[in-house]
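First comes the structure, then the notes that go with it.
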Amino acid sequence: MRAAIILGICLAALAAVPAEAATTYPLTLNNCGMDITVPKSPARVVAIKSTATEMLLSLGLADRIVGIGFQDGPLPDTLAAAGRDLKVLADKVPSSEVVLGTEPDFIYGGWESNFAGDAVGERPMLSRLGIASYVAPAACRTVKPPKLSFDGVFGEIAEIGAIFDVENEAAALVAAQSAALGAVVPDARGLTAVWYSSGTKAPYVGAGNNAPAMIMDALGLANVFGSVDDGWISANWEAVADANPDVFVLVDSAWNSAAQKKKLLAENPVTSRLDAVIHTRYLVIPFPASEAGVRNVPAVVDMARQLKALSFDTAP
Amino acid sequence: MSGLIVRGVEVRVGDRALVSDAAFTTRAGQVTALIGPNGAGKTTLLAALLGLRRLTAGTVEFDGRDFAALPFAERAKLCAYVEQDAGTPERLTVRDVVALGRIPFQSTWRTTLPADDETIVAGALEALNLMNFANRLYHTLSGGEQQRVQMARALAQEPQLLLLDEPTSHLDIEAQLLALDLLQDRARAGCTVLLAMHDLNLAARYADHLVVMKVGRVVAEGPPAEVLTEKLLLDVYGVHATILTAPGSEVPVVIYDRAQSGRRLAKSG
Amino acid sequence: MSWPARTIAYLALWALLLASVTIAVTLGPAGISAGDAWGTIFHHLGLRADPPLSPLRDAIVWELRLPRVVAALGVGAGLALAGTVMQVMTRNPLADPYLLGLSSGAALGAVIFLLMGAALLMPLGAFLGSLGALALALLVAALLGGATPSRAILAGICIAALASAATSLLIFWSATGDSYREILNWLLGSLSGTVWSDAALVVVALIVCAPVILLSGRGLDAFAFGEASAASLGIDVARLRWTLLAATALLTGVMVAVGGAIGFVGLVVPHAVRLAVGSRHRVLLPASMLVGAIFMLWSDTVARSLFDPRELPVGIVTALVGAPAFLLILLRYRRIT
């Protein structure tokens, strides 16, 4: 895993060199505990989940996509035009047969569970059919990924660039995102935050080792649940209330919108007494940007702007 | 007249009559035995008397009262019932089971037995010679012992009418005689006793009155010496038998010969 | 048990219940001392003029911990009562609301109302679901030829499987993104996020149903040897059966709506108590209620504080404790039928 990321970074670094970089096929790499071989630049790709689709679109690979499924939300404005005509296989995870019907040579899944037998299909089975499968590295469960960093996100961009022989596009994207990220000044006021992803009875919150931790870190926010070595956890409200965070990060999704969360926080007899709720100090992030992918950096930039606009005059 | 008077009783389930036009009379102070082959409707008739099955026709009178119309709570103060093979998933001691007989007389609220009830329960345990078993768990007893506990439970109910469905089926011969002696004593003390049974010789020995059923109908009724005839055994049971009289009494004794059809159920060799 | 021993046992149980509540309200991720926790409760009960804690910490005790403690006590008591009644009514020691499909039916009803967007009416959905499951199970048993112990269980297992499958189908159909996560957590049984209105619902359901059940102790005793025996002891069997089954369905529905499908409480508690006090229901029922309440309170306290700051579904705790406990009880009984 780490090797793959280092490889990715090296490839990214190579791509930054003006000389033409090109992938030598067959390309073999280890992805989420499985060796995959890509015989040639994939031409028929199925993308499951928004993160996968948006990665491919960002690298200008719209014409390779034969179908998408399980999209978490609308595409961002920058990719909307490129992704307008993509064929949606299913609103949920498409079944194995639907996916195979598109005759793909590469399947890119945002979650490892997308490759379950009752979903797209087991990876070894796909491999026997000559279909390479790729799990977004940060979402791997078979092999515990290292604590996510932006280098890790850029590594995935570079790796996809290598697989599709679009190293230059990947290098350009990484360079642009690095620059944008470099321009964000982390908040230095020592603010604490809770990343509220979903849930009502027990809040599902961002913990210490995945995209939430990475993004809050870049913003200079101290994650209340940062010490828990996991991506997200079901926490209890008492722990949230006890921490009384300065800011809430609210994940905005169609099924559990930021507005719903604000309402819930304001109406609950306990959370309504929290400083962040009393002073409505919320940062909002769209769900597809809250998992590792090309939208993390734009989200950081956007949230830094939101954070600047918040008033902490009454803060303790 | 005190006793149980059954007139034209019918129990119908769907279009099938389990008991039809049953009529007979039992008197207080007498033991009445309900006999007949399996499936004759004995248990159904007892269930109907208990109010578990609705009478589709006929009346039941006890001591001049419309017995069938009595609410369950009232009926239970007059009448006790001992069923066949009574088992329980509960964890009850013998004393607990016998104490169940006091339920009809207790209020909803009490959690302890009133002193009077304790005495009655002790008396019932004694009557069935169960004092040494009082604290044993019911489900650990043998079938015969359980049967005695059930009879003690029925006695604890201090009934004026005692209905029993084959109360001696699990007992050894001594226990059978003791149980039937007890029932006879109860009857002599003024209780009306009606029991379904299979053993014709015991029925003849202990019952004052026999009621014979066949496919849901009462086909004969009267003192054993009159009712038990070779013809009746052939008609009702399909059995060839010789009826003798016990020496020194009028009690008929049945000597079974063979089944009427002459066939054997299983051939050997 | 003789009456002094029984009185002492009751007093001991009540003392244990009070002690458990006293300790449970002082446990939680927020470090609040026992004195301050109780000071807060006394303040809200009007026994103390000034609140000892800041409004936020006050709310942690009064709005988070206490309603949850009350709900846990009520759910435990209700499930234990429902389990005892089901065991007697089906004459099967393995019966509980879970096994007979009531919980699954309630969960299905609750999920239907939840997905229709009527989260507030979830308890009604759960009640209708449990009543429906019960009616269906009895119907199936009747079609099989009468509600004997084994038929009731077989029918219940069938209904439970059907209701669970329907619930899974609904979740599969309708859940978007990660919204299934909370439903699944709740299906495993969880009291997290319990507010006063939930606790009040549980208490009201108990106030309505518990007296009906507790006052049926005589009838349930009479049921030991089945219907015929109960009838001969003066019990109107049909009326008792319907009254108790309706009370049980209502209790189960409300408990599931508030706490999800919490297993094993209704099964293990009545058996454990029966081993200790015997099968006389006028003693067994109140004792089961108390023990159920205490067991549930501790299970929930463990669920919310053992893996702080994570929440464990309490159904996992009750199953982890309940399954081995049940095995021990089976060994003590050495016979199930």
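The values are calculated or read from the model by the stated rules, or taken from the named source; none is laboratory data. Remember, predicted model here, so these are calculated numbers, not experimental data. Positions of Cβ are backbone-derived with ideal geometry, glycine not excepted, and every protein chain shown enters the neighbour counts.
So A:Asp302 clears everything in (1) within 22 Å of A:Glu156 (Cβ to Cβ); (2) more than 13 Å from chain C (Cβ to nearest Cβ); (3) in contact with a helix residue (DSSP H, G or I) (Cβ under 7 Å, 6 or more places away or on another chain) except one condition, right? Which one?
Here A:Asp302 meets the rest and fails (3).
Scan the stretch A:262-286 for residues that are surrounded by 22 or more Cβ atoms within 10 Å (Cβ to Cβ) and under 21 Å from the mean Cα position of the chain (by Cα) and jot them down.
Hits for the stretch A:262-286 are A:Leu283, A:Ile285.
For A:Glu238, which of the numbered conditions (1) under 23 Å from A:Trp111 (Cα atoms); (2) in contact with a Gly (Cβ under 8 Å, 6 or more places away or on another chain); (3) not hydrophobic (A, V, I, L, M, F, W, C) fails to hold?
Status for A:Glu238: all satisfied but (1).
Got a sec? Which of B:Gly51, B:Gly64, B:Gly87, B:Gly58 is modelled with pLDDT under 90, of a type outside the set (Phe, Trp, Tyr) and within 24 Å of B:Val219 (Cα to Cα)?
Exactly one of B:Gly51, B:Gly64, B:Gly87, B:Gly58 is modelled with pLDDT under 90, of a type outside the set (Phe, Trp, Tyr) and within 24 Å of B:Val219 (Cα to Cα), namely B:Gly51.
Scan the stretch A:100-138 residue by residue and report those that are part of a helix (DSSP H, G or I) and touching a Gly at 6+ places or on another chain (Cβ under 6 Å).
A:Phe115
Any residue at all in the stretch A:237-250 that's closer than 30 Å to A:Leu173 by Cβ, out of contact with any Leu (no Cβ under 9 Å at 6 or more places or on another chain), small (Gly, Ala, Ser) and free of Cβ contacts under 8 Å to residues at least 40 places away in the same chain?
Within the stretch A:237-250, none of the residues are closer than 30 Å to A:Leu173 by Cβ, out of contact with any Leu (no Cβ under 9 Å at 6 or more places or on another chain), small (Gly, Ala, Ser) and free of Cβ contacts under 8 Å to residues at least 40 places away in the same chain.
Evaluate the following for B:Leu177: is it in a helix (DSSP H, G or I) and farther than 26 Å from B:Asp63 by Cα?
The answer is yes for B:Leu177.
Residue check: is B:Leu130 touching a Lys or Arg at 6+ places or on another chain (Cβ under 7 Å) and not acidic (Asp, Glu)?
Against the criterion (touching a Lys or Arg at 6+ places or on another chain (Cβ under 7 Å) and not acidic (Asp, Glu)), B:Leu130 qualifies.
Working carefully through the options C:Ser229, C:Ser190, C:Ser150, find the one that is under 30 Å from C:Val283 (Cα atoms) and part of a loop (DSSP other than H, G, I, E, B).
C:Ser190
Can you tell me how many residues in the stretch C:193-246 are within 20 Å of B:Leu50 (Cβ to Cβ) and more than 11 Å from every other protein chain (Cβ to nearest Cβ)?
The total comes to 2.
Looking at the stretch C:81-96, I want the residues that are at pLDDT 80 or above and have a partner that is crowded, with 24+ Cβ neighbours inside 10 Å and among the hydroxyl-bearing types (Ser, Thr, Tyr) with Cβ atoms under 6 Å, at least 6 apart or on another chain. Which pairs are those?
Short answer, once both residue conditions are applied: C:Ala82/C:Thr248; C:Ala82/C:Thr252; C:Thr84/C:Ser288; C:Val85/C:Thr248.
Exactly one condition in (1) surrounded by fewer than 22 Cβ atoms within 10 Å (Cβ to Cβ); (2) out of contact with any Pro (no Cβ under 7 Å at 6 or more places or on another chain) is false for B:Ala73; which is it?
Of the numbered conditions (1) surrounded by fewer than 22 Cβ atoms within 10 Å (Cβ to Cβ); (2) out of contact with any Pro (no Cβ under 7 Å at 6 or more places or on another chain), the odd one out for B:Ala73 is (2).
Which of the residues spanning the stretch C:247-288 are closer than 22 Å to C:Leu134 by Cα, more than 10 Å from every other protein chain (Cβ to nearest Cβ), small (Gly, Ala, Ser) and crowded, with 24+ Cβ neighbours inside 10 Å?
If the condition is that a residue be closer than 22 Å to C:Leu134 by Cα, more than 10 Å from every other protein chain (Cβ to nearest Cβ), small (Gly, Ala, Ser) and crowded, with 24+ Cβ neighbours inside 10 Å, then C:Ala249, C:Gly253, C:Ala257, C:Gly259, C:Ala261, C:Gly266 are the ones that fit.
For the stretch B:47-61, does any single residue satisfy the condition of being assigned to a loop (DSSP other than H, G, I, E, B), away from chain C (no Cβ under 14 Å) and of a type in the set (Ser, Thr, Tyr)?
Scanning the stretch B:47-61, I find at least one residue that is assigned to a loop (DSSP other than H, G, I, E, B), away from chain C (no Cβ under 14 Å) and of a type in the set (Ser, Thr, Tyr), so the answer is yes.
Just one of the numbered conditions (1) crowded, with 20+ Cβ neighbours inside 10 Å; (2) more than 21 Å from C:Ala19 (Cβ to Cβ); (3) more than 17 Å from the chain's Cα centre (by Cα) is not true of C:Arg304; which one?
Here C:Arg304 clears every test but (2).
Can you work out which of the residues in the stretch A:62-77 that are of a type in the set (Asp, Glu) and without any contact (Cβ under 8 Å) to a residue 12 or more places away in the chain is surrounded by the most Cβ atoms within 10 Å (Cβ to Cβ)?
A:Asp63
Just need a number here: residues in the stretch C:37-61 that are of a type outside the set (Lys, Arg), within 14 Å of chain A (Cβ to nearest Cβ) and crowded, with 17+ Cβ neighbours inside 10 Å. Give the steps one after another, and end with the answer.
Looking only at the stretch C:37-61, we keep the residues that are of a type outside the set (Lys, Arg), and these are C:37-47, C:49-56, C:58-61.
Still in the list and also within 14 Å of chain A (Cβ to nearest Cβ): C:37, C:40, C:44, C:51, C:53-56, C:58-61.
Next, from what is left, pick out any that are crowded, with 17+ Cβ neighbours inside 10 Å: C:37, C:40, C:51, C:53, C:56, C:58-61.
Qualifying residue count for the region: 9.
In the set C:Leu27, C:Leu16, which member is part of a helix (DSSP H, G or I) and touching a helix residue (DSSP H, G or I) at 6+ places or on another chain (Cβ under 8 Å)? Steps first, answer last, please.
Working: C:Leu27 fails: part of a helix (DSSP H, G or I).
Result of the check over C:Leu27, C:Leu16: C:Leu16.
Filter the stretch C:273-311 down to residues that are assigned to a helix (DSSP H, G or I) and within 30 Å of B:Ser107 (Cβ to Cβ), then give me how many there are.
Counting residues in the stretch C:273-311 that are assigned to a helix (DSSP H, G or I) and within 30 Å of B:Ser107 (Cβ to Cβ) gives 19.
Every residue, every condition in (1) in a helix (DSSP H, G or I); (2) surrounded by fewer than 21 Cβ atoms within 10 Å (Cβ to Cβ), yes or no:
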position: A:Val185; (1), (2): no, yes
position: A:Arg189; (1), (2): no, yes
position: A:Val194; (1), (2): no, no
position: A:Lys201; (1), (2): no, yes
position: A:Pro212; (1), (2): yes, no
position: A:Ile215; (1), (2): yes, no
position: A:Ser227; (1), (2): no, yes
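Within 14 Å of another protein chain (Cβ to nearest Cβ), crowded, with 21+ Cβ neighbours inside 10 Å and within 22 Å of the chain's Cα centre (by Cα), is that true of C:Arg91? If you could, list the steps in order and put the result at the bottom.
On the way: within 14 Å of another protein chain (Cβ to nearest Cβ): yes; crowded, with 21+ Cβ neighbours inside 10 Å: yes; within 22 Å of the chain's Cα centre (by Cα): yes.
Spelling it out, C:Arg91 is indeed within 14 Å of another protein chain (Cβ to nearest Cβ), crowded, with 21+ Cβ neighbours inside 10 Å and within 22 Å of the chain's Cα centre (by Cα).
May I ask you to list the residues in the stretch A:201-220 that are free of Cβ contacts under 8 Å to residues at least 60 places away in the same chain and either out of contact with any strand residue (DSSP E or B) (no Cβ under 6 Å at 6 or more places or on another chain) or among the aliphatic types (A, V, I, L, M) (or both)?
Within the stretch A:201-220, A:Lys201, A:Ala202, A:Val205, A:Ala207, A:Met216, A:Asp217, A:Gly220 qualify.
Can you find a residue in the stretch C:33-42 that is hydroxyl-bearing (Ser, Thr, Tyr) and at pLDDT 90 or above?
Step one: of the stretch C:33-42, the residues hydroxyl-bearing (Ser, Thr, Tyr) are C:33, C:40.
From the residues that got through so far, the ones that are at pLDDT 90 or above too are C:40.
Yes, that holds for at least one residue.
Looking at C:Thr301, C:Thr318 in this structure, which one is within 14 Å of chain A (Cβ to nearest Cβ) and polar (S, T, N, Q)?
C:Thr301
Do we have A:Asp230 as under 24 Å from C:Val25 (Cα atoms) and not aliphatic (A, V, I, L, M) here?
No; evaluated as a whole, the condition is false for this residue.
Taking the stretch B:80-104 as the region of interest, how many residues are within 21 Å of the chain's Cα centre (by Cα), at the interface with chain C (Cβ under 7 Å from one of its Cβ atoms) and either basic (Lys, Arg) or under 14 Å from B:Glu158 (Cβ atoms) (or both)?
Residues in the stretch B:80-104 being within 21 Å of the chain's Cα centre (by Cα), at the interface with chain C (Cβ under 7 Å from one of its Cβ atoms) and either basic (Lys, Arg) or under 14 Å from B:Glu158 (Cβ atoms) (or both): 5 in total.
Taking the conditions exactly as written (under 30 Å from C:Arg151 (Cα atoms), buried (at least 22 other Cβ atoms within 10 Å of the Cβ), within 14 Å of chain A (Cβ to nearest Cβ) and not aromatic (Phe, Trp, Tyr)), does C:Ala110 satisfy them or not?
It is true that C:Ala110 is under 30 Å from C:Arg151 (Cα atoms), buried (at least 22 other Cβ atoms within 10 Å of the Cβ), within 14 Å of chain A (Cβ to nearest Cβ) and not aromatic (Phe, Trp, Tyr).
Enumerate the pairs (first residue in the stretch B:160-173 and within 11 Å of chain C (Cβ to nearest Cβ) and over 22 Å from B:Ala48 (Cα atoms); second residue anywhere and outside any loop (DSSP other than H, G, I, E, B) and of a type in the set (Val, Ile, Thr)) with beta-carbon separation below 7 Å, excluding pairs fewer than 6 apart on the same chain, so at least 6 apart or on different chains.
Filtered contacts from the stretch B:160-173: no entries.
Tally the residues that are in contact with a helix residue (DSSP H, G or I) (Cβ under 6 Å, 6 or more places away or on another chain) and part of a loop (DSSP other than H, G, I, E, B), restricting the search to the stretch A:247-269.
Going through the stretch A:247-269 one residue at a time, the tally reaches 2.
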